[in-house]
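Below you'll find the structure, written out as C-alpha cells, and then a few comments.
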Amino acid sequence: MNLTDIMKTANTSPYPIELPRYNRENTQIGIVHIGPGAFHRAHQAVYTENLMNQFGGNWAICGVSLRSATAQDILSKQDNLYTVSILDKDIRYQIVGAIKEILIASEQRDLVLQRMSAETTKLITLTITEKGYCLAADGSLDFNHDDIKHDIANASSPVSAIGFIVESLKIRKQDNIPAFNVLSCDNVSGNGDKLRRAVLDYAGKLDPQLQLWIEKHVAFPNSMVDSITPKTEAYTVESVSKAIGCQDNWPIQREAFTQWVISNDWQGERPEWEKVGVIFTQDVEGFEKAKLKLLNCLHSTLAYLGSLAGYETVFDVTSDVNFKQFITKLAQQEIIGSFTPPTELNIEKYSNDIIQRFLNPAIRHLLAQIACDGSQKIQIRLLPIIRDNLEQGRSTKMLCFALACWFEFICKTVKNKEELSDPMASTFYQTTGLLSEDIATVVKSFLSIDAINAHDLLLNSQISEQIEASLTLIRQTPSTQLGAVIAKL
Ligand code: CS2
C-alpha cells in the first residue's frame, strides 16, 4: 500500500477513510519512539497524526525497535503507512502517516543514535513495558541486569533503552545541542518518575557531570494512556484490506475511546497535543490510579475468572449478567473509595463507562491476551488495592477472589504443562508447591515467590484465609456454575 494507491481506493470504499492531510515528504522527524508496537501505533501516533493533520508541525516519528525486525520488515514495504480500524457502532478507518521510518537498534545503532541526538528531535517517547526500565525491587536501576551490565561496559554501543537515552544525551551535551524531553507511555503508575530514576542512576555511574546536566535539562513527565487495542489477527488484516481496497499487512484495531493524560512538567518545545484532546494536568497520578485500579484491575479479573468459566473474550464474559454484576460490585464496593480520584473525574460514571466499553460488540478482545504477564500486571493492578483496603479497614473479599482466580489460572496451566506467557513462567514451573492438593500450601507458595512482592500479604491472616476460601470455592465449582457462585459473593 502507498499513499497514491490508497487515495484512489478510499474514494470508492463504502466506509469513511481518513487520509494524512499534511505533506509527509516535507515533515521532519521531531519524535523518536522506542517500542513502536500496536499500542503506540493505535494511540500516541494517532494523536500526533491528528495534530499534524489539523495544525501541521514537524512531529513525524522515527520508531525504534530495540531488537525485533518485524515492524520494519512489514511497514517498510508499505511506506510505513498503516490503517487504524476504529471500532464503534460504526467502523471508520484512519490511514496513519506519522511514522516516517522504523529502525532496529541492534542492527542500526549509529543511525538510531544519530536520530536521537539530532537537533530536530525534541522528544523521546517509549512503550517498552516496565521490564524495559531494568529496575530492581527497590526502584533503583538494576546494575545486575544483563543489558545494563553490557551498556555500562560499552556505553557508546548500548542495547537497552536506558543506554540509548543516556548515550544520545551525552552526544547532545558534547555538541551543545539542547536536551530532549523523555515521555514514558507505558501503562505503569509513575512511569516518568521510574524512567527518570533509571536514567539518572545509569548516567551517574558513567559520568556524574552528565547526570547533573540531565537532571537540570531533561523533563520526564508522567503520563496515563488508555485505549483498548486488541491484537491484530489474521481476520483484521483481511477485513481491513478489503474495506480500504488496498493490502495492509499490519493494520491496528482499537476502540473509539481514547485518553492520554500527561503531567505539565516539560522543558522547551513539545507537540501541542492539547489541541487534539490530550489532557495536560498536575494530577496525572489520580488519572493513573483510576485507570489501573478500575479498567485494568477489572480487565485482569475478567481475564482469569472468565477463562476459568470457559469464556473467550471480554465481550462474551461481560455479557453474562453474573459476571457483569460481579465486576460492577467489585468496582463499587472494593475499588472506588480506595483512592482519591482527580476532581475533574466523576468516578461512578467513569467506572460504569468502562464496563460499557467492555460491552462493545465490535471488539473481539481475547481474555488470553489480557491474561499474559500476570505476574507483572497483578502487582500494580490488584495488590495495591488489597493493601489500601486493609489499611483503611475496607472489604477485600472480592479482590481476594480475583487473586485466587489468577492463582488457579497459573496452577491449571502448570499442571497441564501448557505454555504460559509470563516473564516469570519458569519460576512458576519450578515452584512445586503450586501443584499441591493442599490449598494452604498453594497460597503460601504463591505469596512466597519473591518476584511477586507479596510477603506482607502472606503474613496477614485475613488475606491468606480469604484467598484460601476463594480457591477452595473455585476448585469445588464446575466451570459452568462459576457465574452462579460469584453472584452470591
Ligand atoms: C489490558 C490493557 O492487556 C491488558 O492487560 O488490560 O492492555 C488495556 O486494554 C489497556 O490498558 C487499555 O488502555
Taking the range 317-355 and keeping residues in a helix (DSSP H, G or I), away from the ligand (no atom under 16 Å from the Cβ) and not hydrophobic (A, V, I, L, M, F, W, C) leaves Ser319, Asn322, Lys324, Gln325, Thr328, Lys329, Gln332, Gln333, Glu334, Glu348, Lys349, Asn352
Restricting attention to the range 284-296, which residues are in contact (Cβ under 8 Å) with a residue 60 or more places away in the chain and more than 9 Å from the ligand (Cβ to nearest atom)?
Val284, Glu285, Phe287, Glu288, Lys289, Ala290, Lys293, Leu294
(1) modelled with pLDDT under 95; (2) hydroxyl-bearing (Ser, Thr, Tyr); (3) open to solvent by less than 10 Å² (accessible area, probe 1.4 Å) all hold for Thr129 apart from (3)
In the range 186-202, which residue that is open to solvent by less than 40 Å² (accessible area, probe 1.4 Å) and in a loop (DSSP other than H, G, I, E, B) is modelled with the lowest pLDDT?
Val188
Qualifying positions in the range 265-287 - open to solvent by 10 Å² or more (accessible area, probe 1.4 Å) and either farther than 24 Å from Thr340 by Cα or in a helix (DSSP H, G or I) (or both)
Trp266, Gln267, Gly268, Glu269, Arg270, Glu272, Glu274, Lys275, Val276, Glu285
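Can you spot a residue in the range 395-406 that is open to solvent by 20 Å² or more (accessible area, probe 1.4 Å), more than 16 Å from the ligand (Cβ to nearest atom) and not in a helix (DSSP H, G or I)? Show your work before the answer.
To start, the set of residues in the range 395-406 that are open to solvent by 20 Å² or more (accessible area, probe 1.4 Å) comprises 395, 397.
Those left that are additionally more than 16 Å from the ligand (Cβ to nearest atom): 395, 397.
Then keep just the ones that are not in a helix (DSSP H, G or I); that gives 395.
Looking through the range 395-406, at least one residue is open to solvent by 20 Å² or more (accessible area, probe 1.4 Å), more than 16 Å from the ligand (Cβ to nearest atom) and not in a helix (DSSP H, G or I).
Tally the residues that are buried (at least 17 other Cβ atoms within 10 Å of the Cβ) and either among the aromatic types (Phe, Trp, Tyr) or touching a residue at least 60 places away in the same chain (Cβ under 8 Å) (or both), restricting the search to the range 42-56.
Within the range 42-56, the first condition is being buried (at least 17 other Cβ atoms within 10 Å of the Cβ), and the residues that meet it are 42-53.
From what's left, either among the aromatic types (Phe, Trp, Tyr) or touching a residue at least 60 places away in the same chain (Cβ under 8 Å) (or both): 42-44, 46-48, 50-51.
So the count comes out to 8.
What number of residues in the range 212-249 are part of a loop (DSSP other than H, G, I, E, B) and either surrounded by fewer than 20 Cβ atoms within 10 Å (Cβ to Cβ) or within 16 Å of the ligand (Cβ to nearest atom) (or both)?
Our first condition is that a residue be part of a loop (DSSP other than H, G, I, E, B); within the range 212-249, this holds for 218-222, 227-233, 245-249.
So of that shortlist, the ones also either surrounded by fewer than 20 Cβ atoms within 10 Å (Cβ to Cβ) or within 16 Å of the ligand (Cβ to nearest atom) (or both) come out as 219, 222, 227-233, 245, 247, 249.
Qualifying residue count for the region: 12.
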Please go through the range 414-436 and pick out each residue that is in a helix (DSSP H, G or I) and more than 17 Å from Ala451 (Cβ to Cβ).
Lys415, Leu435
Looking only at the range 159-179, count every residue that is within 26 Å of the chain's Cα centre (by Cα) and open to solvent by 40 Å² or more (accessible area, probe 1.4 Å) and tell me the total.
1
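The values are calculated or read from the model by the stated rules, or taken from the named source; none is laboratory data. The structure presented is a predicted model; accordingly, all values stated were derived computationally and were not measured. Here the Cβ is made from the backbone with ideal geometry for all residues, glycine too, and neighbour counts use every protein chain on show. Calculation scope for accessible area: heavy atoms of the full protein, side chains included, ligands and nucleic acids excluded. Shrake-Rupley method; radii C 1.70, N 1.55, O 1.52, S 1.80 Å.
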